[in-house]
Amino acid sequence: MNAVIPIQQLQSTGCGTPPEVIRERGQREVFCGLTGIIWMHRKIQDAFFLVVGSRTCAHLIQSAAGVMIFAEPRFATAIIDDRDLAGLADANAELDKVVQKLLTRRPDIKLLFLVGSCPSEVIKLDLHRAAGRLDKQFGPNVRILNYSGSGIETTFTQGEDACLNALVPQLPQTQEKSLMVVGCLPDIVEDQFSRLFKEMGIHQVSFFPPRNSRALPAIGSNTQFILAQPFLGDTVRSLESRGASMLSAPFPFGIEGTTAWLLTIANAMGVDQELFEKVVAPKKARAEMALAPLKETLQNKKIFFFPDSQLEIPLARFLNRELGMQLTEVGTPYLHKQILEKELEWMPVDVQLSEGQDVEKQLDRLKLADPDMVVCGLGLANPLESEGFTTKWAIELVFSPIHGYDQAADLAELFARPLRRKAKLQFNTEVLCN
Ligand code: SF4
């Protein structure tokens with residue numbers, strides 16, 4: 001276990017900026033980046049994700065995705081077995097055979113990702129070179145790229161970041177003024193945002209990643225992009241290196257975040273303020289009505305976030321400002337100040353932020369804080385439930401449609417449901433005991 005890095009001061013950037021962050025390095029309880037395949041394969045509908053990994057990796061994605069084996073899923077694992085690990089087989093030759101067989105059997109695949117894992121990193125299998133070799137063989141009909149989903153020093157949403165980062169060099173060049181929404185969104189949410197943009201008269205908007213790998217959006221120095229997910233640090237750097245510039249905004253969670261996110265886009269695209277208000281007003285009103293009853297359940301409840309999805313800070317902001325929840329500690333695997341700039345301005349000044357994890361120390365702080373709800377990974381949720389804490393799985397927040405006005409109440413409901421369930425269980429136990 002590494003030494004704990006002492007508490008450091010976060011530079012103050014405004015009146016709302018929280019004053020300090022605990023930064024820790026130690027034992028962590030997080031999923032690996034392979035998990036991203038579960039939502040990425042649903043999004044890019046002609047892509048296939050071939051994990052080069054162990055049986056453990058295969059079990060992880062198979063069980064997490066919950067796909068029936070006869071459903072022809074668009075992911076699989078090329079198993080690295082004992083012979084590969086012992087250096088007795090030529091892993092590259094084996095991989096070439098697997099890819100050949102796969103592409104012969106599945107002509108619908110137009111984009112193949114070779115996804116690295118802990119075992120492929122341990123045996124130092126050069127997947128970048130393998131992808132280049134196979135891309136020459138099968139391109140341009142099939143594009144073959146690689147990224148790492150390894151659990152060594154990464155957290156699970158970094159799988160999406162690594163995947164999008166691998167795609168950025170493939171984006172065509174343009175000098176046209178355009179806007180790109182970056183981050184994997186469920187189709188239903190993408191459609192809702194597209195309708196809002198159209199109503200505002202914004203037509204030059206693309207989404208990255210696209211639903212079809214043959215429709216990659218073009219990019220250049222006149223492209224502005226806005227993040228829909230806060231965990232895309234490497235992708236941001238790559239897009240900026242292609243000349244695009246990032247629009248800084250809060251994330252579209254809840255009414256307030258969605259309005260500020262849309263307003264940032266509207267201002268960048270020159271939308272008239274009156275038209276903007278006219279478009280968003282009915283959606284805001286509907287979302288406010290849906291959110292009101294959930295506030296009754298969540299108001300004044302204390303919540304503690306373990307670092308897991310990197311969504312923690314935007315979600316904590318929504319729960320605090322729109323639902324009146326009290327934030328105890330808000331932990332995040334990485335605190336990316338450029339990406340979270342606007343979110344940090346909205347955090348209450350007395351909130352305890354933490355970056356990284358030393359799980360034993362954090363569990364001690366959790367017990368002192370004694371919250372009504374804990375947001376954490378699956379590995380911590382069951383033990384904490386058995387100790388009487390009410391938990392919410394962080395991963396569920398990434399799998400569910402939670403962006404935008406129409407999902408604001410659904411997002412709040414994800415937090416309200418465990419509290420209601422606990423209240424009902426307590427009531428029933430009391431009845432039984434009497
Ligand atoms: S990539 Fe590593 S952490 Fe993830 S399932 Fe495979 S072995 Fe486990």
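The values are calculated or read from the model by the stated rules, or taken from the named source; none is laboratory data. As the structure is a prediction and not an experimental result, all values here were calculated from the model. Virtual Cβ from ideal backbone geometry, glycine too; neighbours counted across all protein chains shown. Remember, those area values only see protein heavy atoms, side chains included, never the ligands or the DNA or RNA. Shrake-Rupley method; radii C 1.70, N 1.55, O 1.52, S 1.80 Å.
Observations
- Phi angles of the stretch 356-363 translate, via the Karplus equation with coefficients 6.51, -1.76, 1.60 and θ = phi - 60°, into HN-Hα couplings of x, 7, 10, 4, 5, 5, 5, 5 Hz per residue; Gly and Pro are given as x.
- Among the listed pairs K97/K392; K110/K198; K43/K342; K302/K342; K342/K424; K177/K295, those whose Cα-Cα separation exceeds 32 Å are K97/K392; K342/K424; K177/K295.
- Cleavage-rule hits (GluC sites (Glu not before Pro)) in the stretch 126-232: DSSP loop, at most 11 neighbouring Cβ within 10 angstrom: E153, E176
- Sulfur and carbon atoms: percent of accessible area, the stretch 77-218 [1.4 Å]: 53 percent
- Ranked by how many other beta carbons lie within 10 Å on average, peptides 102-115, 228-241 from highest: 228-241, 102-115
- Residues whose placed amide H lies under 5 Å from that of A78, excluding near-sequence neighbours: V51, V52, G53
- Counted charge near E312, where neighbours are those whose Cβ lies closer than 12 Å (Asp, Glu -1; Lys, Arg +1): -2
- Solvent exposure of the chain amounts to 44 Å² per residue of accessible area, where only protein heavy atoms count and the probe is 1.4 Å.
- Between Q137 and E20, the simple spin-label model (points 7 angstrom out along Cα→Cβ) gives 5.7 nm.
- Spacing of the two label points (7 Å from each Cα toward its C-beta) at A215 and S63, in nm: 3.7 nm
- Zone of D234's modelled label, taken as backbone nitrogen in the stretch 139-154 under 18 Å from a point 7 Å along Cα→Cβ: 144-154
- Around the amide H of T154, modelled in the peptide plane, lies no amide H under 5 Å away from a residue 5 or more places distant or on another chain.
- Separation in nanometres of the label points that stand 7 Å from Cα toward Cβ, at R195 and V98: 4.2 nm
- Square roots of five times the Cα gyration tensor eigenvalues for the chain, Å: 35, 29, 21
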